[in-house]
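As structure tokens, the structure follows; a few thoughts come after it.
The values are calculated or read from the model by the stated rules, or taken from the named source; none is laboratory data. Just so we're clear, the structure is a prediction, and the values are computed from it rather than from any experiment. Heads up, the Cβs are rebuilt from the backbone with ideal geometry, glycines too, and the neighbour counts pull from every protein chain shown.
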């Protein structure tokens, strides 16, 4: 018995394209549409499970319904010279009447009942045209915002702008706090300078007092020397006079 063809319609059908830069998570969407009148179970597999996060990676699609699969590529260092060998496979099977355990259902499924589709991963870097298109789109969006303000309508503030405002408030508060600390440090510095000046003045006054006391002592000593000499001379004169008189 030949293998069944894939019942689901995949979009994209062959390649999953991931557009860089790859310094952050890059997401590619895969649409699975069930055009049949039966429920279909699906499971998504990859050759590099550590490099991708798939949500949801399995489930059941009702008749006529569509499920969007988010394939998230984790950040990595991209080498343009290296070709991607990563692949994905979407495996499907018609859902049985009752499903007690999905894992057991897949394990017990016959190979002839399984359907699968394979996709390869393609990594792309943004080119200059894409960058110019982004700039043009931003330029076109600016007048639209201006016209809404002119009509008396206020455009909703983007989340990034709100975050910028909150960050700016934090920065201003931090600047005020730093200015207050700088003022306190300047006041303490002035007090230390005043204390130093008072100590130096006190030391100078003490030094001058000590010098004046020593000068007074020297003057008193100097002034007492003539008196002592007069006394000694008087003693010698009295001694000689007494000797001659006697």
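Overview of values
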quantity	calculated
Some residue of the range 30-42 being free of Cβ contacts under 8 Å to residues at least 60 places away in the same chain, outside any strand (DSSP E or B) and within 30 Å of residue 126 (Cβ to Cβ)	no
Residue count for the range 66-103, restricted to those that are under 19 Å from residue 7 (Cα atoms), modelled with pLDDT of 90 or more and out of contact with any strand residue (DSSP E or B) (no Cβ under 9 Å at 6 or more places or on another chain)	0
Per-region count, the range 62-110, residues part of a loop (DSSP other than H, G, I, E, B) and under 16 Å from residue 124 (Cα atoms)	13
Every residue from the range 95-115 that is within 47 Å of the chain's Cα centre (by Cα) and touching a residue at least 40 places away in the same chain (Cβ under 8 Å)	102, 105, 106, 115
Residue match in the range 58-65 (condition: exposed (fewer than 14 other Cβ atoms within 10 Å of the Cβ) and touching a strand residue (DSSP E or B) at 6+ places or on another chain (Cβ under 6 Å))	no
Members of the range 35-47 found to be surrounded by fewer than 16 Cβ atoms within 10 Å (Cβ to Cβ) and either modelled with pLDDT under 95 or over 20 Å from residue 17 (Cα atoms) (or both), listed by number	35, 36, 37, 38
